[in-house]
Each structure stands twice: as C-alpha cells, then as structure tokens.
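Contents: one structure, followed by commentary.
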Amino acid sequence: MSTPVLPGLPDKHATMRIGGLYWLTCESPDTADRLCTQLLASLPASARALLVNAAGASRDLVKAIADERGPGHLTLFDLPKMSTKRLIQAVRQDVPRVRGGDNALWLIRVPHSGWDELVAEDLALWCSRAQDWLRSVGSTLLVVGDTPPPALLDILVRHNDNLSGLAQVYIAQGARHLLVHFWSNDSGVNGPHDFLLLDEGSGFRVSSRPEDDNVAPTTNDQRQVLAQTAVLGSEAPPTAQWQLFESADALLERAMDAQAATVIFALGGSDDVNALATRLYQLRSHCGRSVKLIVREMLQGMRQHEEQLLLASGANLIVPQGTPFLRFLTLVRSIQGHRWQRPMAAEPSSLLTRLQPLHVRGSLSPKAFAAAVKKMSDNTVGTEVRHQLLRLQPVPTLNPTLVLQQLQLRRYGDIACVAEGVAYLFLFACSPSLVDAALRNVFRLPWHNVLAGYESVLPSQVLPLPQFQSDAEAPADATLQIAANTQADAEAFRPLRPQPLSLQSLESRQ
C-alpha cells in the first residue's frame, strides 16, 4: 500500500504502516484542506484511497487534482455537520461498514472545534477500535483536522498506545512549522522533530531548517553594538563598544559592513514602521543571519501586524515601549550568539503588502465586507497575525443597524456589516485576549450597554453563505473610507452636528 508524500519530509517521518492510525492537526481549515488535496495528489495510480469529509464537501478537496495525478481508485464520502460526540460515534460505527475499504488508505478530514476533555473517553475508545479494524482489513487511516483546542493534543498524546503517529502544523515566529510528536512505522518509532513547512503556492514543502548563508561569517565584530542615539534616552553608553548614530540612515550605512554585530534602531511611532522594515530587510539580506537586529519602541506601542512585519523583515528582537533601561540591556545581552532563524522573503514589498490592512474601515455592504475580510485573512495566512470576526448579539432594545451606528471604527482594517438582520464586526490584527479591550475602544457607549454578547466565528464558515452576496447599502451613519479619496485621519462615521433652534420653538415645548 502506498503512503502519501510531502516533499522534503524524511521517510522515517512520512511512511505509514499497514494497520496504523495517524493523526495530523493543522492551525487553520485552509491548511488542512490544502494538505489533504496535496497528499491525495501524491498517491500513485496503483493506490486505492477513500476520503471522508466531515468539514465540507469531498469534491471540493479533489477538484484541484489533475486527471493524471492521484490514486487510481478514489471513493468520496461526506458527513453532515453534527456534534463532536456524534461525529466520533458516526465514524466509529459507519466507516468499518463501507465496502471496498480493504487494503486502502483512508483519509478522514474533521473539524476539531469542541474536541476537549468531554470527548476524551469516546475518542480513546474509537482509536482503540479503529486500530483493531485497520489491522483486520490491511488498511491505514490518516485523520486531518483543523484549529485544535489545546486539550486535544494532550488527549492524543496520552492515548499514544492506540496511535501510530501524531503530527501538528502550527505557526511560530512568523513561519509555519510541522512538529512530528511521534511517528511509528517499519523503521521503528521516530520523533519528536520540528520542520519548517514552506508554502510554495502550489503546495507545501518541508525543510529541516532555514537555508544557511552561503559563506560563514567572521565574527570579529560580535561584541560591537551599533545603535541610534535615541535608544539610550538620557542614559550614557554602557561600554566603549557602543557606537552611536544620530539618524537611522547613518546607522544603516555603517551597519552594512557588520558581520555578527548588534544593530539597534529606535522606533518613534507607527508612521516609521514601513521605512524601518525596509532597512531591516536590507541589512538581513546583505549581512546574513549572524548579525543581531534589535528595535526599541520609544513612543506609542505597535499593532500586532506591525510587530510581525518587523520580525519577518529581519529583526531578532523588539523591545516594548516602557521597558526599563537595565532590562533593555539585559535583553540585548540575551540574544548574543543567536542566529536569525526565520525564512527570508523574496523582497520586502511582498511583506508590506501581506501584513498591512486594506485601506478600508467603517460599515460596508455584506458583499464588500466578505471580500475585504477574505482578502485580509488570505494575506496573513502563514503569519502570527490573528484577526477576529465577531457575530454581534444586540441587546433586545436595539436592532443590528443601530448597533453599527454606535461604532466608531478609526483603524484601517476594522469593518462591519449587517447581513440578513445579523451584525458582523471584523477586527484586523486583534488577538482573542484583546477582544474585550477592542470593543471598549470601538463603541461610543460601554459595549455591554449595546451588546448582549458576541460570538467569534471563522471566515470560512460564514462568508460563503448567501447573505454575503448582497450589495445592500451600509447604514446611513457609516461611511466607507478608501485611501484613494480619503484623508488618512478621516472619521469612519459622520460626527454629530449642532441643530439651530429658535426661541419660539423652545417656548412651544414648555
């Protein structure tokens, strides 16, 4: 029986044995779907495979496979949306009854929402029975799931006696990784091992580590620190090895000769982020991975996507605003000897495009809202930037349109809409832990006075729905802002205007 192939993955971490049950969790539904398609396409014509999709339509996963690729015999099954416990029971009871499942590769695509301790017992029972059944029919099964809750991996590791392999796709330090927790096949038990998972557009490729520099750098300048004067504030240089420069351009010119020195830039505000990202990229591309590039925030704090842009452009470390000077020096010392380990982008403009929000804010039609959310979500796939798509639940006295009129969305990338009587809000570069704080900032009134609650939803779950094909106009008090025809500091909503009243009208009211 053939094993799916992922380019670059060693055989000892890729080959699956007959009778084995393997599990792969992915950080997003898109990654899980693309990996399923790629793995099926890698099978030879002599292979026999069965695809069970409980997270969508099976035909959507195979339509991109060319006719000349993939297994010679492929059977498709779809499972309707159901509770986690019911899904586990359905797979446990129905899969063994399928005819033609002997001597084949089974691929089961599942959503991992709700796979927590409450289903641990059902999951352990299913794994045990699945392995017994797989051995009896000479088949292999690979489960591919998305967005696993933290408890799921702990559960699966605990029940490793009933699993032949467990791997995880996750994002860290701006790069997608494949972590093989353990993998058992005819060569023995292997793992753990962490690989880089590189997105090549047409598919994924595995790399053991970022590409090394072609020439090993000399390190006679490794104790030297080149820094903008502003990073010291009112403090004196700590040692004679610190060389100071008044401007970022002067520092850049001198640092182009660095080999393993520490280079420290001062960041005065968000307006300087793009220019600094370009300088970091120039240095990283020219000087290699041994030079240490540090950014110290001097004024306002950065947004999440701005921080990720600087890290992806070459920064080893970003020191937050307000960090005491002695702590700052400790952080500088802590990265001595480090090598930058992120994958290098082809050129900086692609990073700027991917990690910046669209120049749009405020309330949109459902169709424009869906297109903007998809574009911004797609741009940041493979990065650590997280967005929040919220389904808002108004208090009983307010309708969705009135809720949107209470919003004041000033940041580009923050947008809202009403789709078939339901209000949605998209917050660009907002981590789950900051949602409450963000809602306090975007509502004119305390948000608890406007909303009975909210629900975080995945764009892939709601944007394809028919209600997001509507071109219905946005509520009257909300205005789309686009960079081409709007001042950068324009409000997303029309301000309140005073209304003139005559004395006679005031008297008539008394």
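The values are calculated or read from the model by the stated rules, or taken from the named source; none is laboratory data. The structure presented is a predicted model; accordingly, all values stated were derived computationally and were not measured. So basically every Cβ, Gly included, is an ideal-geometry build from the backbone, and we count neighbours across all protein chains shown.
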Looking only at the stretch 253-280, and only at residues there that are part of a helix (DSSP H, G or I) and either modelled with pLDDT of 95 or more or among the basic types (K, R) (or both), the one that is surrounded by the fewest Cβ atoms within 10 Å (Cβ to Cβ): R254
Residue satisfying all of: in the stretch 139-186; more than 30 Å from Q341 (Cα to Cα) and among the polar types (S, T, N, Q); surrounded by the most Cβ atoms within 10 Å (Cβ to Cβ) among these: T140
Residue in the stretch 97-106 that is charged (D, E, K, R), within 26 Å of the chain's Cα centre (by Cα) and over 12 Å from V52 (Cβ atoms) present: no
Some residue of the stretch 125-133 being without any contact (Cβ under 8 Å) to a residue 24 or more places away in the chain, in the same structural domain as L152 (by TED's automatic domain parsing) and part of a loop (DSSP other than H, G, I, E, B): no
Residue among L267, L252 that alone is within 20 Å of Q321 (Cα to Cα) and within 32 Å of the chain's Cα centre (by Cα): L267
Number of the condition not met by R339 [criteria: (1) in contact (Cβ under 8 Å) with a residue 60 or more places away in the chain; (2) in a loop (DSSP other than H, G, I, E, B); (3) not assigned by TED's automatic domain parsing to the domain that holds H448]: (1)
Failed condition for W126, given (1) under 30 Å from the mean Cα position of the chain (by Cα); (2) over 25 Å from V206 (Cβ atoms); (3) of a type in the set (F, W, Y): (1)
Test: Q243 is closer than 17 Å to V295 by Cα, at pLDDT 90 or above and not in a helix (DSSP H, G or I): yes
Selection within the stretch 413-448 - among the aromatic types (F, W, Y) and either surrounded by fewer than 19 Cβ atoms within 10 Å (Cβ to Cβ) or part of a strand (DSSP E or B) (or both): Y424, F426, F443
Residue within the stretch 414-437 that is more than 30 Å from L283 (Cβ to Cβ) and among the aromatic types (F, W, Y) present: yes
Complete set of residues in the stretch 468-486 that are modelled with pLDDT under 90 and in a helix (DSSP H, G or I): Q469, A483, A484, N485
Qualifying positions in the stretch 136-179 - in a strand (DSSP E or B) and without any contact (Cβ under 8 Å) to a residue 40 or more places away in the chain: H177, L179
Hits in the stretch 154-197 (condition: farther than 13 Å from R17 by Cβ, aliphatic (A, V, I, L, M) and out of contact with any helix residue (DSSP H, G or I) (no Cβ under 6 Å at 6 or more places or on another chain)): L156, V157, A167, I171, A172, A175, L178, L179, L196, L197
